[in-house]
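A.B. asks: First the structure, then my questions, so here it is.
The values are calculated or read from the model by the stated rules, or taken from the named source; none is laboratory data. Since we're looking at a predicted model, the values are computed, not measured. Neighbour counts are summed over all protein chains in view; Cβ atoms, including those assigned to glycine, are modelled from backbone coordinates with ideal geometry. All accessible areas refer to the heavy atoms of the entire protein, side chains included, with ligands and DNA or RNA removed. Shrake-Rupley method; radii C 1.70, N 1.55, O 1.52, S 1.80 Å.
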Amino acid sequence: MFDNESDFAYFIADQLDLNSKVLAQFLQFQDHFKDSIFESLSQNKQVVIPRKFLYYFLEYNIPAPESQQRMSKRIDVLPKDKVENLSFDLKKGDHFFLEFLLTKGKGLGAQVEVLFNEVRIRQSITLNKKEGFTFDFLASEDGKVEVILRNFGFFRMEGDLEAHVIGAKEKISFQQIKKTITSSQEQARTIQDTLFKTVLDEELVLSHRKNIKESNTFQKLLEFDEEQKILGFAFYLYPLEEKENLTFHRQVTYREDPLEDFAIKELKKQSFTYLQEFDFSDLDLFFSDSYSQNFWHNSRLTKEGPRTIGLNSKKNYSFFRLQEARTPYFLEFKASNRSMLYNQSLGVKIVLLHVKEFIVVEEVVVEESEEYVLINLI
């Protein structure tokens, strides 16, 4: 609470960190909102404003209290101990004024006594031959003031009595308030999704090496779009005669397709899927890519590069993880039958994992905290 405008102005300057130069600029600034704010405070005794407008009150003056007439009365006090008793309620800080003007009689033997909360404020006033008197005092607390007029003389006493009160000057009360304002806004954000693409799914028959009419080697170059950010790939090799009898072991299913399920779990290193193993002792398998030639041969990495092999990889199925999403990228797969007597009938499937980015526009609720101040006149 501030007893005067000066104290409040110094407080504002400190709150807003205003130096003398900036303070002078604010004092010269005029804003059409200021008058309406001051008027609202004067009428309603309180106003709420954004804290940034607090500088308006650097030049605010608390309205001076107006004089209120409490009584205007013709007093007729007859002789022989006739008494006139008047009383008024006061509040702390009220300035009380009393005036009596004698219009008839001499006032001989007349006396006026003023009590506040039953305590005499000053010595009784004897009119004698005076034509009247004035009297005032400042109320130090809430209470009742009593004015007692007595006539002990032999003559009638008549006069006009007026009582006025000027209330205490109001004080300023200040309180900081934080308001949370919610609003709906559209925000665009980029999301990533892991997509699967089957880049090879074929049935192969590789002849034995003595058959010069048929090829004992299968080789396939797989090229990918520049927009595809490659995370890795997985392959699975199985005998064609077992195609309808393949078994898979998994506790949790992420993807319905077993090879895709194996690949995504190897990528995330959790809840692994195990495909059926087969031994292809007479088969040479090779993988090469954009970074090296023949980086993988028969279940082991042969060259270093920006890739790792999944921990649960086997000779006939494996997952290769790139250390970071890569583009552009190509992959080459090669299978050769070393057997001199037997053909190899194989099924081969290669699944690519890549990232695609989407722009999603969504409506979100945004909360913003704004600082306000509550100013009261009390």
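A.B. asks: Considering only region 226-249, state which residues are over 25 Å from Arg300 (Cβ atoms) and either without any contact (Cβ under 8 Å) to a residue 24 or more places away in the chain or touching a helix residue (DSSP H, G or I) at 6+ places or on another chain (Cβ under 6 Å) (or both).
C.D. replies: Matches in region 226-249: Glu244, Asn245.
A.B. asks: State which residue pairs qualify: first residue of a type outside the set (A, V, I, L, M) and inside region 63-89, second residue open to solvent by 50 Å² or more (accessible area, probe 1.4 Å) and in a loop (DSSP other than H, G, I, E, B) in any location, beta carbons under 6 Å apart, and separation of 6 or more residues or different chains.
C.D. replies: Pro65/Lys169; Pro79/Phe154
A.B. asks: Take the conditions open to solvent by 40 Å² or more (accessible area, probe 1.4 Å), closer than 20 Å to Val348 by Cβ and modelled with pLDDT of 90 or more and apply them to Thr247. Does it pass?
C.D. replies: The answer is yes for Thr247.
A.B. asks: Let me ask you something else. Here are some conditions: (1) open to solvent by less than 60 Å² (accessible area, probe 1.4 Å); (2) over 54 Å from the mean Cα position of the chain (by Cα). Arg338 meets all but one. Which one does it not meet?
C.D. replies: Answer for Arg338: the failing condition is (1).
A.B. asks: Which residue, of Glu141, Glu146, is exposed (fewer than 12 other Cβ atoms within 10 Å of the Cβ) and either of a type in the set (Asp, Glu) or under 30 Å from Gln68 (Cβ atoms) (or both)?
C.D. replies: After ruling out the rest, the residue left standing is Glu141.
A.B. asks: Within region 197-208, identify whether any single residue is over 30 Å from Ala139 (Cβ atoms) and touching a helix residue (DSSP H, G or I) at 6+ places or on another chain (Cβ under 7 Å), and answer yes or no.
C.D. replies: Checked region 197-208: at least one residue is over 30 Å from Ala139 (Cβ atoms) and touching a helix residue (DSSP H, G or I) at 6+ places or on another chain (Cβ under 7 Å).
A.B. asks: Sticking with this one: Which residue pairs have Cβ atoms closer than 6 Å, lie 6 or more positions apart in sequence or on different chains, and pair a first residue in region 180-195 that is over 23 Å from Tyr254 (Cβ atoms) with a second residue that is among the hydroxyl-bearing types (Ser, Thr, Tyr)?
C.D. replies: Pairs found: Thr180/Ser369.
A.B. asks: Something else now. Look through region 94-113, keep the residues that are closer than 16 Å to Ile75 by Cα and hydrophobic (A, V, I, L, M, F, W, C), and return whichever of them is modelled with the lowest pLDDT.
C.D. replies: For region 94-113, the residue satisfying everything is Leu108.
A.B. asks: Does Lys314 fit the bill of being farther than 30 Å from Ile191 by Cα, open to solvent by 50 Å² or more (accessible area, probe 1.4 Å) and touching a Phe, Trp or Tyr at 6+ places or on another chain (Cβ under 8 Å)?
C.D. replies: So Lys314 does not fit the description; no.
A.B. asks: Considering only residues that are within 44 Å of the chain's Cα centre (by Cα) and more than 13 Å from Leu352 (Cβ to Cβ), which ones fall in region 312-327?
C.D. replies: Across region 312-327, the qualifying residues are Gln323, Glu324.
A.B. asks: Let me ask something else. Counting only residues that are assigned to a strand (DSSP E or B) and open to solvent by 40 Å² or more (accessible area, probe 1.4 Å), which one in region 72-83 is nearest to Ile166 (Cα to Cα)?
C.D. replies: Just the residues of region 72-83 that are assigned to a strand (DSSP E or B), to begin with: 72-77, 82-83.
Those left that are additionally open to solvent by 40 Å² or more (accessible area, probe 1.4 Å): 72-74, 76, 82-83.
Working: Ser72: 15, Lys73: 19, Arg74: 22, Asp76: 27, Lys82: 31, Val83: 27 Å.
Ranking the qualifying residues of region 72-83, first place goes to Ser72.
A.B. asks: Show the residue pairs meeting these rules: Cβ distance below 9 Å; 6+ apart or different chains; first residue within region 355-366 and within 19 Å of Phe196 (Cα to Cα); second residue part of a strand (DSSP E or B) and open to solvent by 90 Å² or more (accessible area, probe 1.4 Å).
C.D. replies: Once the first residue is within 19 Å of Phe196 (Cα to Cα) and sits in region 355-366, its partners that are part of a strand (DSSP E or B) and open to solvent by 90 Å² or more (accessible area, probe 1.4 Å) give Val355/Gln192; Lys356/Gln192; Glu357/Gln192; Phe358/Gln192.
A.B. asks: Please go through region 290-311 and pick out each residue that is within 50 Å of the chain's Cα centre (by Cα) and open to solvent by less than 60 Å² (accessible area, probe 1.4 Å). Give the derivation first.
C.D. replies: Going through region 290-311, the residues within 50 Å of the chain's Cα centre (by Cα) turn out to be 290-291, 304-311.
Scanning region 290-311 gives Ser290, Gly305, Pro306, Arg307, Thr308, Ile309, Gly310.
A.B. asks: Collect the residues in region 32-71 that are among the polar types (S, T, N, Q) and open to solvent by 80 Å² or more (accessible area, probe 1.4 Å), keeping them in residue-number order.
C.D. replies: Gln43, Asn44, Gln46, Asn61, Gln68, Gln69 - these are the residues of region 32-71 that are among the polar types (S, T, N, Q) and open to solvent by 80 Å² or more (accessible area, probe 1.4 Å).
A.B. asks: Considering every residue within region 306-319, establish whether at least one is within 25 Å of Asn216 (Cβ to Cβ) and either modelled with pLDDT under 90 or of a type in the set (D, E, K, R) (or both).
C.D. replies: Yes: one or more hits.
A.B. asks: Further, regarding this structure: Counting only residues that are touching a residue at least 12 places away in the same chain (Cβ under 8 Å) and open to solvent by 50 Å² or more (accessible area, probe 1.4 Å), which one in region 196-213 is farthest from Phe262 (Cα to Cα)?
C.D. replies: Lys210
A.B. asks: While we're looking at this one, here's another question. Taking region 255-277 as the region of interest, how many residues are out of contact with any helix residue (DSSP H, G or I) (no Cβ under 6 Å at 6 or more places or on another chain), open to solvent by 70 Å² or more (accessible area, probe 1.4 Å) and either farther than 23 Å from Leu322 by Cα or basic (Lys, Arg) (or both)?
C.D. replies: Number satisfying all stated conditions: 4.
A.B. asks: Among the residues of region 231-244, how many are open to solvent by less than 70 Å² (accessible area, probe 1.4 Å) and touching a Gly at 6+ places or on another chain (Cβ under 9 Å)?
C.D. replies: Final tally of qualifying residues: 8.
A.B. asks: All but one of (1) open to solvent by less than 30 Å² (accessible area, probe 1.4 Å); (2) among the aliphatic types (A, V, I, L, M); (3) not in a helix (DSSP H, G or I) hold for Val252; state the number of the condition that does not hold.
C.D. replies: The failed condition is (1).
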